[in-house]
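The structure under discussion appears below in the form of structure tokens.
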């Protein structure tokens, strides 16, 4: 059975949902960032699959995937810098204990 | 993409990617979660190769499996504490329910939509050149501009990277 666009899209949706579970239910901020990276990766899989199956010559989806990678790299760098700064202040990366701005 | 090799490769890579992403969410040790994350990045790069996106696969290996993975390993090492275990908060059951609902909805919509699939057997073989033309614009032999491509988003992305770099250094600095 040939692999179609649906296979890649369902795989992408599964990856996104797994990442969503982690991002919502984890307490360690580093793991939450990892799950956000998984979700961005899932979107990239969908982008490249659309690029291959819907616009195979234009390659626009691959360019979008590269832009998403740029933003994801910037987000990971700033996010991990924030986590390290918070850890230096409060000696924890547990998001339930980082509640200074919670009302 | 009718040969059996691509089909087998897709299913093997899909199992690797899904298994390692599930492990990222379920393992207790944060360092092991980071290693499973690298495995899932490499699996996704393999999926890009089955989609004939060789340049994106190379970039995936370089940026994700290289740079981002090192960043995560450093972050795990630097935030070594008593709560290093990757614990769940009390939202686990609702989060699982919401994500399952989202997956069911997305999968149903994606399978039932008739995409305008335009499948050709031999896609672009020289993807780096084509992507460079798309990113930076292209000119014909006489030097006239054919299309400006994604030059403006490209420049915005480079400014974003610079701002993120400066911001990360400022935020993570001692004192």
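Quick notes on this structure:
- Test result for residue B:79, under 14 Å from residue A:31 (Cβ atoms) and surrounded by fewer than 16 Cβ atoms within 10 Å (Cβ to Cβ): no
- Test for residue A:85: is it in contact with a helix residue (DSSP H, G or I) (Cβ under 8 Å, 6 or more places away or on another chain) and facing chain B (nearest Cβ under 7 Å): yes
- Listed conditions (1) facing chain B (nearest Cβ under 7 Å); (2) outside any helix (DSSP H, G or I); (3) in contact (Cβ under 8 Å) with a residue 60 or more places away in the chain are all met by residue A:30, apart from (2).
- Residue within region A:11-26 that is at the interface with chain B (Cβ under 7 Å from one of its Cβ atoms), closer than 23 Å to residue B:131 by Cα and buried (at least 20 other Cβ atoms within 10 Å of the Cβ) present: no
- Evaluation of residue A:63 against (1) assigned to a helix (DSSP H, G or I); (2) more than 7 Å from chain B (Cβ to nearest Cβ); (3) free of Cβ contacts under 8 Å to residues at least 12 places away in the same chain (one fails), failing number: (2)
- If you go through region A:72-95 and pick out every residue that is in a helix (DSSP H, G or I) and touching a residue at least 24 places away in the same chain (Cβ under 8 Å), you end up with 7.
- Residues that are without any contact (Cβ under 8 Å) to a residue 12 or more places away in the chain and either touching a helix residue (DSSP H, G or I) at 6+ places or on another chain (Cβ under 8 Å) or within 12 Å of residue A:14 (Cβ to Cβ) (or both), drawn from region B:1-22: B:15, B:18, B:19, B:22
Read the figures in this text as sums done on the coordinates, not as results from a lab. On a predicted model such as this, the values are computed, not experimentally measured, just so you know. Using ideal geometry, Cβ is built from the backbone for each residue, glycine included, and neighbour counts are taken over all protein chains shown.
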